[in-house]
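The values are calculated or read from the model by the stated rules, or taken from the named source; none is laboratory data. Every value quoted in this text rests on a predicted model; they were computed, and no experiment measured them. Neighbour counts are summed over all protein chains in view; Cβ atoms, including those assigned to glycine, are modelled from backbone coordinates with ideal geometry. Side chains included, ligands, DNA and RNA excluded: accessible areas come from the protein's heavy atoms. Shrake-Rupley method; radii C 1.70, N 1.55, O 1.52, S 1.80 Å.
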Amino acid sequence: MPRRDGGTKLRIGTQEKDHRRLPIPRRLASVGAEFVGTLIVTLGTVAPEALERGLGVQLGYAVQASCTGIATMIVIYALGEVSGAHTNPVITLAFALRGDFYWSRVPEYVAAQFAGAIAAGALVLAILHPGAAALHTSLMFGVWPAFWLEIVLTTLLVLVALSTANEARFIGPQVAFANGATTIFDRLIGLKVSSGSMNPARTLGPALLAGGSAGWWVFVWGPLCGCLIAVALTWILHGEPTADEERKSH
């Protein structure tokens with residue numbers, strides 16, 4: 001089982017000292033990468049839904065569900081070495097809970113992610129003009145099935161994200177494929193139930209432009225619960241984080 005030198009408290013304390021020495025350009029680059037990455041991933045979700053629901057273009061279930069996963073792969077390839085390509089508040093939270101990511105940087109990552117998601121929604125409205133209603137998530141079976149499914153799907157997503165970061169044998173292309181494929185898998189299962197969100201920013205950011213979402217709590221508490229379960233499972237399955245996991249988290 002992998003171990004960390006000096007224990008958890010010493011390691012986190014060292015992280016915070018390193019964070020204070022982090023060059024401003026490097027910090028701005030990582031925040032900018034989270035903004036751009038989340039914009040791309042959200043665009044891969046919202047644009048197909050706007051075309052399908054708002055403009056009547058028949059893309060098909062598989063295409064609509066898969067675009068988010070493809071966008072995730074693109075972002076990991078392009079920006080993974082800049083910011084870790086979280087593009088999701090619960091991924092950022094999971095790495096922080098594991099002791100891999102600076103807690104003091106969590107707010108700026110989450111703010112960048114929500115800003116990127118809102119920008120993606122604005123782009124879709126400005127270019128495609130589908131009507132604001134197309135940015136709302138449809139819960140076809142009600143809020144409770146959506147809530148429980150969000151917990152399950154987010155648990156799987158975060159577990160894969162942490163596991164692929166933890167194991168040194170997973171290198172760039174494999175990490176992108178594993179996380180992108182997991183996103184596609186989850187979206188295919190959850191598209192008609194909860195949209196397979198697993199990402200509060202990606203769902204609620206665009207919805208803010210349409211006046212908010214009545215079932216907003218599903219996309220906050222479902223992913224948060226799934227995140228906590230996944231972090232606990234990662235500790236059980238992989239033990240303490242490795243240096244590789246910390247490096248890949250930011």
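Of the labelled options (i) 0.97; (ii) 1.23; (iii) 0.94, which one gives Rg/Rh (Cα atoms, Kirkwood Rh) as computed for this structure? So the calculated entry is the one marked (i). GNM on the chain, C-alpha springs below 10 Å: top fluctuator among Met140, Met198, Met73? With Cα springs under 10 Å in the chain, the top fluctuation among Met140, Met198, Met73 is at Met140.
Counting heavy atoms of the protein chains alone, Tyr61 has an accessible area of about 90 Å² for a 1.4 Å probe. Helices in the chain, meaning DSSP H runs of at least 4 residues, each add -39500 (n - 2.57). Divided by all residues, the mean residue ellipticity at 222 nm is -23500 deg cm²/dmol. For the range 108-190, the relative contact order is 24 percent, taking Cα pairs closer than 8 Å that sit 6 or more residues apart in sequence and dividing their mean separation by the residue count.
Axis angle, to the nearest 10 degrees, between helix 143-166 and the longest C-alpha principal axis of the chain: 40 degrees. Given +1 at the Cβ of Lys and Arg, -1 at the Cβ of Asp and Glu and no other charges, the dipole of the range 135-250 around its Cα centre is 320 debye to the nearest 20.
Largest mean-square fluctuation among Gly131, Gly196, Gly37, in a Gaussian network model of the chain whose springs join Cα atoms under 10 Å apart, belongs to Gly131. Using C-alpha pairs under 8 Å with a sequence gap of at least 6, the mean separation divided by the residue count of the range 19-117 gives a relative contact order of 43 percent.
Between the residues Ala161, Ala122, Pro145, the greatest Cα displacement towards the positive end of the dipole of the range 99-250, with unit charges on the Cβ of Lys, Arg, Asp and Glu, is found for Ala122. Here the chain exposes an accessible surface that is 72 percent carbon and sulfur, computed with a 1.4 Å probe and the other protein chains kept in place.
3J(HN,Hα) along the range 70-75: 5, 4, 4, 4, 4, 5 Hz, from the Karplus curve 6.51 cos²θ - 1.76 cosθ + 1.60 with θ = phi - 60°, whole Hz, x for Gly and Pro. Entry comment: accessible area of the chain is 43 Å² per residue, from protein heavy atoms only and a probe of 1.4 Å.
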